[in-house]
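The values are calculated or read from the model by the stated rules, or taken from the named source; none is laboratory data. Keep in mind it's a predicted model, so treat the numbers as computed, not measured. Don't worry about glycine lacking a Cβ; one is built from the backbone with ideal geometry, like all the others, and counts go over all protein chains shown. Ligands, DNA and RNA are excluded from the accessible area calculation, which covers all protein heavy atoms including side chains. Shrake-Rupley method; radii C 1.70, N 1.55, O 1.52, S 1.80 Å.
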Amino acid sequence: MTCDAERFERAFAPVGVFVTFEGGEGAGKSTHIAILAAALRASGRETVCVREPGGTAIGEQLRGVVLDPSNDEMAPLCELFVYEAARAQLVREKVLPALERGAAVLCDRFCDSTVAYQAYGRGIDERAVRLVNEVACQGLVPARTIVLEAPSAAAGLSRAASAGDPDRLERAGAAFHDRVNAAFRAIAQADPDRVAVVSSRASIEDTAAAVYAAVAAVFPELSLEALLRAARDHAASAARSKREERA
Ligand code: TMP
């Protein structure tokens with residue numbers, strides 16, 4: 001291929017958008033990822049949702065290992081490298097190809113979780129964590145990051161616990177989770193152009209409106225009305241499933 005053809009191809013290549021959702025336990029990330037994904041798809045944008053650790057067959061196996069409560073002897077450095085291994089696979093197998101196609105990729109947790117949980121939470125040197133993050137990310141940096149904040153670490157943990165047996169990280173103790181939540185606030189303060197803190201204390205629609213404000217600049221095709229409609233649809237279908245469960 002000639003240089004001119006390469007330049008032409010690059011200039012007209014579709015542009016994907018990578019957005020991450022972060023936060024402590026039980027902050028409502030999956031709800032707001034589902035709402036944003038529905039609104040983006042309705043606007044015609046291919047949208048891929050992935051989660052960390054996981055999102056690939058290999059990553060889901062690694063997720064099983066790192067969250068298994070019976071692995072309570074796992075050393076902090078082993079934990080760090082399992083998260084990074086799952087990330088390296090996800091970026092290579094799913095995220096970069098989707099971005100090359102021009103898709104929106106919404107990722108439930110990414111590098112900021114490693115800084116919050118393994119550096120602030122476990123006490124691993126932050127520079128070391130940031131260095132291995134950089135290697136696993138292979139040059140990928142989120143265009144925007146939403147930190148969803150539960151009213152408190154305790155409230156988030158009890159919401160997460162209501163979903164089933166607590167995993168190894170959810171069992172790490174209140175002081176650990178307080179450090180994690182403080183870390184997310186510090187990360188947002190240090191990088192306000194990328195990271196927005198959104199409280200999930202408000203109604204689902206108000207929270208969705210705050211998410212919209214944080215991502216509107218990177219998704220010009222998205223309207224506030226479309227996102228609010230997706231939030232209402234999501235709330236209605238969650239209420240329907242709850243009613244069916246009770247019946
Ligand atoms: P979740 O996806 O259900 O939130 O579970 C993932 C758990 O793993 C959660 O407790 C946060 C934790 N975690 C880390 O400790 N480090 C990381 O790098 C990532 C991505 C998650």
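Among the listed residues 219, 176, identify the single one that is more than 30 Å from residue 85 (Cβ to Cβ) and aromatic (Phe, Trp, Tyr).
None of the other options fit; the residue is 219.
Just to verify a result, which residue in region 168-186, among those that are buried (at least 16 other Cβ atoms within 10 Å of the Cβ) and assigned to a helix (DSSP H, G or I), is nearest to the chain's Cα centre (by Cα)?
184
Only residues that are away from the ligand (no atom under 12 Å from the Cβ), more than 18 Å from residue 29 (Cβ to Cβ) and open to solvent by 20 Å² or more (accessible area, probe 1.4 Å): list them for region 42-64, please.
42, 43, 44, 45, 46, 57, 58, 61
Specify which of the listed residues (210, 236, 214, 190) is out of contact with any helix residue (DSSP H, G or I) (no Cβ under 9 Å at 6 or more places or on another chain), exposed (fewer than 13 other Cβ atoms within 10 Å of the Cβ), modelled with pLDDT of 95 or more and not hydroxyl-bearing (Ser, Thr, Tyr).
On inspection, the qualifying residue turns out to be 190.
Restricting to region 179-193, name every residue that is among the charged types (D, E, K, R) and either without any contact (Cβ under 8 Å) to a residue 24 or more places away in the chain or more than 24 Å from residue 68 (Cβ to Cβ) (or both).
If the condition is that a residue be among the charged types (D, E, K, R) and either without any contact (Cβ under 8 Å) to a residue 24 or more places away in the chain or more than 24 Å from residue 68 (Cβ to Cβ) (or both), then 185, 191, 193 are the ones that fit.
How many of the residues making up region 65-75 are open to solvent by less than 60 Å² (accessible area, probe 1.4 Å) and assigned to a helix (DSSP H, G or I)?
Going through region 65-75 one residue at a time, the tally reaches 2.
From the residues in region 91-105 that are of a type outside the set (Gly, Ala, Ser) and more than 15 Å from the chain's Cα centre (by Cα), which one is most open to solvent (accessible area, probe 1.4 Å)?
Of everything passing the filter in region 91-105, 92 is most open to solvent (accessible area, probe 1.4 Å).
Hey, can you tell me all the residues within region 20-41 that are surrounded by 23 or more Cβ atoms within 10 Å (Cβ to Cβ) and among the hydrophobic types (A, V, I, L, M, F, W, C)?
21, 27, 33, 35, 36, 39, 40
Mind checking which residues of region 93-114 are within 8 Å of the ligand (Cβ to nearest atom) and either at negative phi or β-branched (Val, Ile, Thr) (or both)?
Across region 93-114, the qualifying residues are 108, 110, 111, 113, 114.
Collect the residues in region 145-167 that are exposed (fewer than 14 other Cβ atoms within 10 Å of the Cβ) and charged (D, E, K, R), keeping them in residue-number order.
Across region 145-167, the qualifying residue is only 165.
Do we find a residue being within 16 Å of the chain's Cα centre (by Cα), of a type outside the set (Asp, Glu) and assigned to a loop (DSSP other than H, G, I, E, B) anywhere in region 112-126?
Scanning region 112-126, I find no residue that is within 16 Å of the chain's Cα centre (by Cα), of a type outside the set (Asp, Glu) and assigned to a loop (DSSP other than H, G, I, E, B), so the answer is no.
Could you give every pair whose Cβ atoms fall below 7 Å, whose first residue belongs to region 122-142 and is at negative phi and without any contact (Cβ under 8 Å) to a residue 40 or more places away in the chain, and whose second residue is outside any loop (DSSP other than H, G, I, E, B) and surrounded by 13 or more Cβ atoms within 10 Å (Cβ to Cβ), counting only separations of at least 6 or pairs across chains?
126/115; 126/119; 130/115
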